[in-house]
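Q: Quick one: structure below, then a few questions.
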Ligand SMILES: C[S@@+](CC[C@H](N)C(=O)[O-])C[C@H]1O[C@@H](n2cnc3c(N)ncnc32)[C@H](O)[C@@H]1O
């Protein structure tokens, strides 16, 4: 499948997948706990789909929302997408690295709710949580969602042994990833967060699974979800091409078969993830 690779289109295509995946219990507890007025900070906000989602659920009527991301292309796309809601509540979009933002803002402890959606599993979590918590007001809430947790399921099976090997190597790549020379990523972030959150002083108020489940009803995937799948397979291809434990020709064929399954509406993709809502001490 020759489709151009665009991260902003991937984030847009991911929205309907995320809408189904977000754990409804955790969401409900979060919306019941929100103070009014509420000052919200979202880190790694991408193109602003969580801002839209909060707006669609009526959670921004008395809110002030700051969304940061370190990629200018994402913040610019967020600016375009959110033009229609901008003005209804104070919205700040900023391109800045989270750690520079923390250095600048931590003294103010300005936020009631901190959101990190499909973000923490890219970080060195034990090193990042104390810095994130330093941004919250005493007693502030954190809503950390779609934390990947160790299962990438692709159906139909192509070859049980090869499928299992690819899944294992893909997860190992996440576990050994370095960003700026520092560890960044954990393929079992979800389960490990129970401990990490407590160690950083957070109290967990609700947790639950938020698995991505993507399939075609009939031959067609909903919305732009065929593109979402295409991007996921491309990411696996990028991560594992040239891996010494894989036969290069076999892997090329495996990727081509997965892409063909998407074209025919056959590929089913499930990723296990966990959502958390919690509070830092007063
Ligand atoms: C998997 S994407 C999720 C984006 C968005 N939360 C969503 O789910 O649509 C992770 C985002 O984090 C941003 N990001 C990664 N490292 C960052 C950092 N150190 N500071 C700020 N943003 C970062 C990336 O640019 C990307 O947009």
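Q: Keeping to region 230-258, report how many residues are surrounded by fewer than 19 Cβ atoms within 10 Å (Cβ to Cβ), touching a residue at least 40 places away in the same chain (Cβ under 8 Å), part of a helix (DSSP H, G or I) and over 21 Å from the mean Cα position of the chain (by Cα).
A: The qualifying residues number 2.
Q: Here's something else I'd like to know. With the checklist (1) crowded, with 18+ Cβ neighbours inside 10 Å; (2) farther than 13 Å from residue 143 by Cβ; (3) within 9 Å of the ligand (Cβ to nearest atom) in hand, flag the one item residue 82 doesn't pass.
A: Of everything listed in (1) crowded, with 18+ Cβ neighbours inside 10 Å; (2) farther than 13 Å from residue 143 by Cβ; (3) within 9 Å of the ligand (Cβ to nearest atom), residue 82 misses just condition (3).
The rows are residues; the columns are (1) modelled with pLDDT under 95; (2) over 17 Å from the mean Cα position of the chain (by Cα); (3) under 21 Å from residue 64 (Cα atoms).
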| position | (1), (2), (3) |
| --- | --- |
| 99 | no, yes, no |
| 109 | yes, yes, yes |
| 115 | no, no, yes |
| 118 | no, no, no |
| 135 | no, yes, yes |
| 138 | no, yes, yes |
| 142 | no, no, yes |
| 166 | no, yes, no |
| 182 | yes, yes, no |
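Q: Can you say whether residue 24 is under 19 Å from the mean Cα position of the chain (by Cα), surrounded by fewer than 19 Cβ atoms within 10 Å (Cβ to Cβ) and more than 14 Å from the ligand (Cβ to nearest atom), as far as the supplied structure shows? Walk me through how you get there before you give the answer.
A: Working: under 19 Å from the mean Cα position of the chain (by Cα): yes; surrounded by fewer than 19 Cβ atoms within 10 Å (Cβ to Cβ): yes; more than 14 Å from the ligand (Cβ to nearest atom): yes.
When the stated conditions are applied, residue 24 passes them.
Q: What is the number of the single condition among (1) over 20 Å from residue 202 (Cα atoms); (2) within 15 Å of the ligand (Cβ to nearest atom); (3) without any contact (Cβ under 8 Å) to a residue 60 or more places away in the chain that residue 73 does not meet?
A: (3)
Q: Anything in region 60-73 that is under 26 Å from residue 31 (Cα atoms) and surrounded by 14 or more Cβ atoms within 10 Å (Cβ to Cβ)? List them, or say none. Show your work before the answer.
A: Our first condition is that a residue be under 26 Å from residue 31 (Cα atoms); within region 60-73, this holds for 60-69.
Result: 60, 63, 64, 65, 66, 67, 68, 69.
The values are calculated or read from the model by the stated rules, or taken from the named source; none is laboratory data. Because the structure is predicted, anything quoted here is derived from the model rather than measured. Please note: Cβ atoms are built from the backbone with ideal geometry, for glycine as well, and neighbour counts cover all protein chains shown.
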